[in-house]
1. How about segment 89-122: which of its residues are over 18 Å from Ala191 (Cα atoms) and outside any loop (DSSP other than H, G, I, E, B)?
2. Of the numbered conditions (1) touching a residue at least 24 places away in the same chain (Cβ under 8 Å); (2) assigned to a loop (DSSP other than H, G, I, E, B), Thr146 satisfies every one except a single condition; which is it?
3. So, in segment 72-82, how many residues would count as being touching a residue at least 60 places away in the same chain (Cβ under 8 Å) and either open to solvent by 50 Å² or more (accessible area, probe 1.4 Å) or closer than 26 Å to Thr169 by Cα (or both)?
4. Quick check on segment 123-138. Is at least one of its residues of a type outside the set (Val, Ile, Thr), assigned to a strand (DSSP E or B) and free of Cβ contacts under 8 Å to residues at least 24 places away in the same chain?
5. Taking the condition of being open to solvent by 20 Å² or more (accessible area, probe 1.4 Å) and among the small types (Gly, Ala, Ser), how many residues in segment 166-194 meet it?
6. Need the failing condition index for Asp159 against (1) over 23 Å from Ser74 (Cβ atoms); (2) open to solvent by 50 Å² or more (accessible area, probe 1.4 Å), just the number.
7. When both residues are 6+ apart or on different chains and their Cβ atoms are under 8 Å apart, which pairs have a first residue that lies in segment 172-189 and is assigned by the TED database to the domain that holds Arg99, and a second that is open to solvent by 80 Å² or more (accessible area, probe 1.4 Å)?
Amino acid sequence: MKDEAIKFAFRQFLTIVITGFVALTTALVWEPARDWLVGMGTMPREIQKQGERIEAVETTVRRLTQPRKVFEVSRVSTRPVAGFCEEGEPCRIKLRIRRLEPAKECQIVPGSVEWGFVNPRSEIFAHAERVDPPAGRNIGLTWEDTFVTVITPTGLQPDANFTFIARYTHCPGWIEGEPPLEYQNEPIPFAIKQLE
């Protein structure tokens, strides 16, 4: 019986030691294992976030490669043929323009050019309807003279600025399916004859 009591006490002691060892091992291993399991559950979200960050960086880099300007307009040679435009009347305009080297691949969107005037103190764009057929052609890298005829809007100041907005695709940094890139010339002061 004494042997049985010793065996029983030894088994109890061994059970306590093994239970303590298992508890200690579980405590040490469980936290990293739990963190790993939780991490596996959030990994798709993290991958998606990283993908969104990469996409945002790609978009930023692509936009930085887009040309800042597509064309240059001569402020000296671009003018009304008559020397002024008259409100409410057709105005024939000589436009001296050239394409800039970084934008030589850009393609104008036919019919997309908006012609107009801006009063210098209001900065509001006044649309000027073009009355001659638009050419919608891509200009070259050398200076070219072209002529446009627009109806001069009413309500302009005597020193309104002539301006236009052109839209282009296939520029560096532009991707198929995106809206065309918009470029506006530096406004040029025109003499405006106002209605009496």
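The values are calculated or read from the model by the stated rules, or taken from the named source; none is laboratory data. Here the structure is a predicted model, which means the values were calculated and not measured. Positions of Cβ are generated from backbone atoms using ideal geometry, with glycine treated the same way; all protein chains shown enter the neighbour counts. The accessibility values were calculated without ligands, DNA or RNA, using every heavy atom of the protein model including side chains. Shrake-Rupley method; radii C 1.70, N 1.55, O 1.52, S 1.80 Å.
1. Ile97, Arg98, Arg99, Glu101, Pro102, Ala103, Gln107, Ile108, Glu114
2. Only one criterion is unmet by Thr146, namely (2).
3. Of the residues in that region, 6 qualify.
4. Yes: segment 123-138 contains one or more residues that are of a type outside the set (Val, Ile, Thr), assigned to a strand (DSSP E or B) and free of Cβ contacts under 8 Å to residues at least 24 places away in the same chain.
5. 2
6. (1)
7. Final answer for the pair search is Pro172/Pro102; Pro172/Glu105; Gly173/Arg63; Gly173/Leu64; Tyr183/Lys69; Glu186/Arg75; Ile188/Arg75; Ile188/Arg79.
Yes or no, residue by residue, for (1) in a helix (DSSP H, G or I); (2) in contact with a Lys or Arg (Cβ under 9 Å, 6 or more places away or on another chain); (3) of a type outside the set (Val, Ile, Thr); (4) at pLDDT 70 or above:
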| site | (1), (2), (3), (4) |
| --- | --- |
| Leu14 | yes, no, yes, yes |
| Ala27 | yes, no, yes, no |
| Met40 | yes, no, yes, no |
| Ser77 | no, yes, yes, yes |
